[in-house]
Every structure is written in C-alpha cells, then in structure tokens.
1. Return the residues of the stretch 41-62 that are modelled with pLDDT of 65 or more, open to solvent by less than 40 Å² (accessible area, probe 1.4 Å) and not hydroxyl-bearing (Ser, Thr, Tyr); say none if nothing qualifies.
2. Restricting to the stretch 85-112, and then to whatever is open to solvent by 60 Å² or more (accessible area, probe 1.4 Å) and in contact with a helix residue (DSSP H, G or I) (Cβ under 8 Å, 6 or more places away or on another chain), can you tell me which residue is nearest to residue 135 (Cα to Cα)?
3. Of the numbered conditions (1) open to solvent by 70 Å² or more (accessible area, probe 1.4 Å); (2) within 23 Å of residue 62 (Cβ to Cβ), residue 169 fails exactly one; give the number of that condition.
4. Residue 135 - would you say it is more than 27 Å from residue 60 (Cα to Cα), assigned to a strand (DSSP E or B) and at pLDDT 90 or above?
5. If residue 22 satisfies every condition in (1) at pLDDT below 85; (2) in a loop (DSSP other than H, G, I, E, B); (3) of a type outside the set (A, V, I, L, M, F, W, C) but one, which is the exception?
6. Would a scan of the stretch 86-102 turn up a residue that is touching a residue at least 24 places away in the same chain (Cβ under 8 Å), more than 16 Å from residue 162 (Cα to Cα) and out of contact with any Leu (no Cβ under 6 Å at 6 or more places or on another chain)?
7. Say whether the condition of being aromatic (Phe, Trp, Tyr), modelled with pLDDT of 90 or more and either part of a loop (DSSP other than H, G, I, E, B) or in contact with a Leu (Cβ under 6 Å, 6 or more places away or on another chain) (or both) is met by at least one residue in the stretch 142-152.
8. Confirm whether residue 71 is surrounded by fewer than 18 Cβ atoms within 10 Å (Cβ to Cβ), at pLDDT below 95 and under 17 Å from residue 172 (Cβ atoms).
Amino acid sequence: MSKSAWLVIALFMIIVLAFTLSVRTGYNLVLPVTASHQSESIKAGQDNNSVKLFSNIDFKKGNWAAYLVLKNEDWQGLHPSILKRTCLKTTDKHVLNYMQNNWQFKVSDADIATVSSSFYLLHDGKIVYETAIVLDAVHQGLQNAQYGWMEPVKPDALIKVCSQFKPVYWPVVIL
C-alpha cells in the first residue's frame, strides 16, 4: 500500500477512536470560535430588578440552537436531571419557546464564585448570546458581565429547559 493510503487509514482510525471515546466518556472538545454577534433582537425585557431573556426573539425565523458546555469539575454537584456530558444541545422549538417564556431572572448586580460552565444561543450558526451558567443540585443561575449573578424567578425554570438538551457525540464541536 502507498503512504497516502496508510495515512488515510490512520486518520480514519483516529477519528473512529475519538468518536468512540467521546460517546463512552461524555467528553468533547468545544471550540466557541464564532465571534459573538449579540443582535438587537436579543435584548432582554427588563422590569425593576427582573430580566426576561429572549423576549424579543422569533424562534420561527432561521435556525436556532442552544448549547450547554459543562466543565467536568461541575459534574460532581450537577443537578441529577442534567446529563454529565461536556456538550449538550437543543434545536427543539418547543424547548426554545419554553425557555423564552419562562427564563425570567432576579438581577443581583453581584457575582458568585468562579462559574466555569457556559450557555450559548446560536442563530444561523452565529453566537448571539453567551453567559456562564450554574446547574447545581442546590443553586441554578446565570452570570454575565451585563447583569452579574441572576437567579430564576421560577426555581425550576433552568432545570426544566436544560434537562431536555441532548448529548452531542462529536469529539470536536465548533460553535
């Protein structure tokens, strides 16, 4: 066999091995390489100390996807209804609409300790919203530079949405 044939076989074997390891272990390499394109439609509806995220979005227009990127150090305290995987995703319009209708947060203008997991909302392949996320069995909330730490008004709002995300099995995920 030629060198190029061996190279193709070796590359194929590496891809199969990486895919198998990702499926078995739950680990992916997630690369958010798309520059954030926070658009005017992503503005949150704000009332006093409450923020309703995604209130102006029409999830019927274009292709929408939401990703959870969970750091493995967060897996130990993770809420039991969330899968222990590096990357989870949904494109389900019902889940996105539920998120839109129920993700209302109390703004504290404070920060909590280091938050390492992330939530990304993509529209037509571009990141339009990103924030840090906590999905512990005890605490749930979002933290970002704009609002600081935000806890959901409805205590189970984050968990109800995020528990419906599906595993991403690709060894490398590019956002």
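1. Within the stretch 41-62, 51, 53, 54, 57, 59, 62 meet the criteria.
2. 104
3. (2)
4. Numbers: more than 27 Å from residue 60 (Cα to Cα): yes; assigned to a strand (DSSP E or B): yes; at pLDDT 90 or above: yes.
Answer is yes for this residue.
5. (2)
6. From the stretch 86-102, those touching a residue at least 24 places away in the same chain (Cβ under 8 Å) are 86-93, 95-100, 102; that's our starting set.
Filter once more, so that each one left must be more than 16 Å from residue 162 (Cα to Cα): none.
No, the stretch 86-102 has no match at all.
7. Checking the stretch 142-152: not a single residue is aromatic (Phe, Trp, Tyr), modelled with pLDDT of 90 or more and either part of a loop (DSSP other than H, G, I, E, B) or in contact with a Leu (Cβ under 6 Å, 6 or more places away or on another chain) (or both).
8. On the way: surrounded by fewer than 18 Cβ atoms within 10 Å (Cβ to Cβ): yes; at pLDDT below 95: yes; under 17 Å from residue 172 (Cβ atoms): yes.
When the stated conditions are applied, residue 71 passes them.
The values are calculated or read from the model by the stated rules, or taken from the named source; none is laboratory data. Predicted model only: the values in this text are computed from it and were never measured. Note: ideal-geometry Cβ built from the backbone for every residue, glycine included; neighbour counts use all protein chains shown. The accessibility values were calculated without ligands, DNA or RNA, using every heavy atom of the protein model including side chains. Shrake-Rupley method; radii C 1.70, N 1.55, O 1.52, S 1.80 Å.
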